[in-house]
């Protein structure tokens, strides 16, 4: 349930709303959510003015138009600088660009670099050259790896420790954006961990199915801590990062109010499924911690050969804690997450059902 | 009993000493115990293996000091993978003569953990903090007058830039009127509790090594010692307090035939370090920074190390081929450490025929991850403080100039490549009523009527902060309990 009133304790001076907003990766999970929130009546951050979306092809363009009719689509790619010139062509100086385009589970490892690193560099360069107001760069927890212990929590400032190919490409993406900031670009980095919510891709329904069947992998005692972010919280964080002045060059964790333990995630998602009328088999697939280490090693080996195996990658990460602290976003951006795991998961389940997806 | 004009200490020369209370070791635990018991009217003899070295006769944190005031010139190692280097003071005053002088009270959550997990009876935080307050007065615990040193300021500056919690740790230090950060005089045991013990009539003999205690049944009656001239001697006593530090207390007890839970649970704060180079001169060769960064405490803490040119060279030595040239610019370099609370466990084992015990310590996987993370975060802290080059201390370490370079550090670091070292050794004779404790809640060795411990060995586990304040607070508490339950011989 949405909290009755915002708990923002101090006012953060805002930029005015931009005349135009650009969203890259618009056909992705997060991209479509942004388009919906920024341009439709059901969105929480509806704004007037131009909304322009970068998509890879006509099929993607259609999927964006399915979400909103108030959107211009431009076909192109962050890997093609000329298409980015087209994307930004004719936009006024008070335009903001929200860069969500990225590859998380690619066909081959080299896609990581092309999209996440070179793509981010191209985008930062294009925004800077076009002289636009601000770029919000959506990064990840992956440039920072995993916490050294279950009690450890990532702070706003952390040393890079990229987790395999994805983490490395996202780290270099951040560095490319920060290099443009040194040259005068105004850009803020947003770092969401594992996110969940409506519009989810099929791999996330697997997640619900594993919990329902009592088969979600749990390493050791399941006391690892994971930060997660409900999509609506993430959209709020991105908009706060976009509209808060004097934050250029900063990076912010955008996550739910607190990290959850793996046990809590399994229990809460199970409860949400049950309360939505699904039958849930209690329990989880208990695995020794060493199994997670083996998956991690195998993932490393396979990525070393240039290939990518999604299940192994996710398994390898599940044995670790990835917990972050959102205090900086609260204090400096006025970010105030409105959803916790149970409500967020119920909404996700409801969306899946409305879409006719089997769980 | 007052012997104002007698010298405060003298080398051990007599073949037979007789005393009511024998205190073995003159560091934070032994000196404190000696002062309290002597002031309560007990006849006290303190024996110290090392020499009495007057402050001011050696340069603090120098190699000369290591030769004179450390055991084995500072070269002592706990075996394991990696092996962990440790240092111990061996002189009158023990570790208090050579440590950083930073003072921290025992944290409330640590006292609670010790009370509940080790079943330490009558452990009252109010009483402990009242004792802490007394200690702070007796040791003149205070902050630096005026500006802190440049290497300390760097820690503060970096932490503020990252919004990491940091503070100046007070020290037991006396500053003259109008003094500055470098004019303090450490209020170590040779300046405080040992003179107090002497004024109350205690005898203090140095250069006297205790080989073993003669134990019959549930009592010990005398100590076999080696005198200053190398000849054997004996000390007869009614009670003995073993305060030789976390390595030599359990070793002596083991040599004396006491083994149960003794020496099995060595706890330490493992540290890794780096050398940070700045654009401006920063080095202070004869002092350590007073700031500590506690954002990730108790798991990880950051602070500054002694940084004379020799120690700067040692910090660069692990990758000397790449980093060695930097030592020429030592004035612009200071050394910093990351310390962790370890879940590993070590052992101290006396070996028949060997002078020193075998010490082993094994880090856990989590410890190794914390050390890697600690060194990486410390590197980021130094960049935030304005360092232009950071030299992490391990074999094959990369030179770090930018945040992106830290990724290389994270990936190439392994504890087996690093010189992991530790101070803050403790917990080899843990106190409490729990069956795994070696001594009762007040330091009396299980099953013995007159053998006590009252030094860092008694802390049930590592406190996560500089431990001297904790050691002394427990020493005072336990000495008072002893005074309440025992009367001086008439």
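Miscellaneous remarks
- Prolate/oblate/rounded call for segment A:60-215, Cα gyration tensor, a/c under 1.5 rounded: oblate
- Label-to-label distance, nm, for residues given as residue B:279 and residue A:75 (7 Å Cα→Cβ offset): 5.2 nm
- Distance distribution P(r), segment B:372-411, all Cα-Cα pairs, bin width 5 angstrom from 0: 6, 28, 42, 20, 4 percent.
- Cα shape, segment B:175-310, gyration tensor, a/c 1.5 rule: prolate
- On the principal axes of its alpha carbon atoms, segment B:50-181 extends 43, 41, 35 Å, with the longest extent given first.
- The residue B:16 and residue B:75 beta-carbon pair, evaluated with R₀ = 30 Å, returns a calculated FRET efficiency of approximately 0.30.
- Normalised contact order of segment B:312-438, rounded percent, pairs of Cα under 8 Å and 6 or more residues apart: 21 percent
- As a rough guide to protection, the peptides B:231-242, B:405-416 ranked by mean Cβ packing within 10 Å, highest first, stand as B:231-242, B:405-416.
- Where both bridge residues fall in the protein assembly as shown, DSSP classifies roughly 50% of the beta bridges as antiparallel.
- Tail fraction, Cα-Cα pairs, chain A, threshold 32 Å, whole percent: 28 percent
- Across all Cα pairs in segment A:165-270, the calculated P(r) in 10 Å bins from zero up to the longest distance comes to 13, 34, 32, 16, 5, 0 percent per bin.
- Fewest-first sequence of B:221, B:182 by Cβ atoms within 10 Å of each Cβ: B:182, B:221
- Along each principal axis, Cα extent of segment B:6-73, largest first, Å: 39, 27, 24
- Number of partner chain Cβ atoms within 10 Å, mean per residue of A:153-164: 6
- Rounded to 10°, Cα long-axis angle of helix A:58-67 versus longest principal axis of chain A: 80 degrees
- Normalised convex hull volume, segment B:361-476, alpha-carbon set, Å³ per residue: 121 Å³
- Global form of segment A:269-332, assessed from the alpha-carbon gyration tensor, a/c cut-off 1.5: oblate
- Computed Kirkwood radius, in angstrom, where 1/r is averaged over Cα pairs of segment A:1-141: 15.8 Å
- Taking N as the residue count of segment A:296-359, its C-alpha radius of gyration divided by 2.2 N^0.38 Å amounts to 1.66.
- P(r) tail for segment B:202-277: Cα pairs beyond 14 Å make up 69% of the total.
- Per-residue average of Cβ from other chains inside 10 Å of B:365-377: 4
- In plain terms, the chain from residue B:449 to residue B:160 could stretch by 98.7 nm, reckoned as 0.36 nm per residue minus the Cα-Cα distance.
- Acute angle (nearest 10 degrees) that the helix B:365-384 long axis makes with the longest principal axis of chain B, alpha-carbon atoms: 60 degrees
- Exposure proxy order (Cβ contacts within 10 Å, fewest to most) of A:52, A:307, B:395: A:307, B:395, A:52
- Partner shielding of B:397-407 amounts to 4, given as the average count of beta-carbon atoms from other chains within 10 Å of each residue beta-carbon.
- When the Cα convex hull of segment A:78-152 is projected onto planes of every orientation, the mean area is 6.5 nm².
- Averaging Cα coordinates gives a centre for segment A:93-120 and one for segment A:273-352; these two points are 21 Å apart.
- Solution diffusion estimate, µm²/s, Stokes-Einstein, segment B:277-402, Kirkwood Rh from C-alpha pairs, 37 °C, viscosity 0.692 mPa s: 204 µm²/s
- Gained length - residue A:44 relative to residue A:358, 0.36 nm times residue gap less alpha-carbon distance: 110.2 nm
- If you plug the beta carbon distance of residue B:199 and residue B:364 into 1/(1 + (r/R0)^6) with R0 = 45 Å, you get a FRET efficiency near 0.45.
- Centroid-to-centroid separation of segment B:249-287 and segment A:33-57 [C-alpha atoms, Å]: 59 Å
- Inter-site label distance for residue A:248 and residue B:354 at 7 Å from Cα along Cβ, in nm: 6.3 nm
- P(r) tail fraction, segment B:421-490 - alpha-carbon pairs more than 21 Å apart, %: 26 percent
- Relative to the longest principal axis of the Cα atoms of chain B, the long axis of helix B:28-39 lies at roughly 30 degrees.
- The value for the protein assembly as shown of Rg(Cα) / (2.2 N^0.38 Å) is 1.10.
- For chain B, a Kirkwood radius taken over Cα pairs fed into Stokes-Einstein (37 °C, viscosity 0.692 mPa s) yields D = 144 µm²/s.
- Each Cα pair under 8 Å and six or more residues apart adds its separation to the average, and for segment B:1-66 the resulting relative contact order is 28 percent.
- Taking all Cα pairs closer than 8 Å and separated by 6 or more residues, the relative contact order of segment A:64-164 comes to 26 percent.
- Inter-label distance, nm, simple model (7 Å from Cα along the C-beta direction), residue B:286/residue B:486: 4.1 nm
Values quoted throughout were computed directly from the atomic coordinates according to the rules given, and no laboratory measurement underlies them. For clarity, every value in this text was computed on a predicted model and none was experimentally measured. Heads up, the Cβs are rebuilt from the backbone with ideal geometry, glycines too, and the neighbour counts pull from every protein chain shown.
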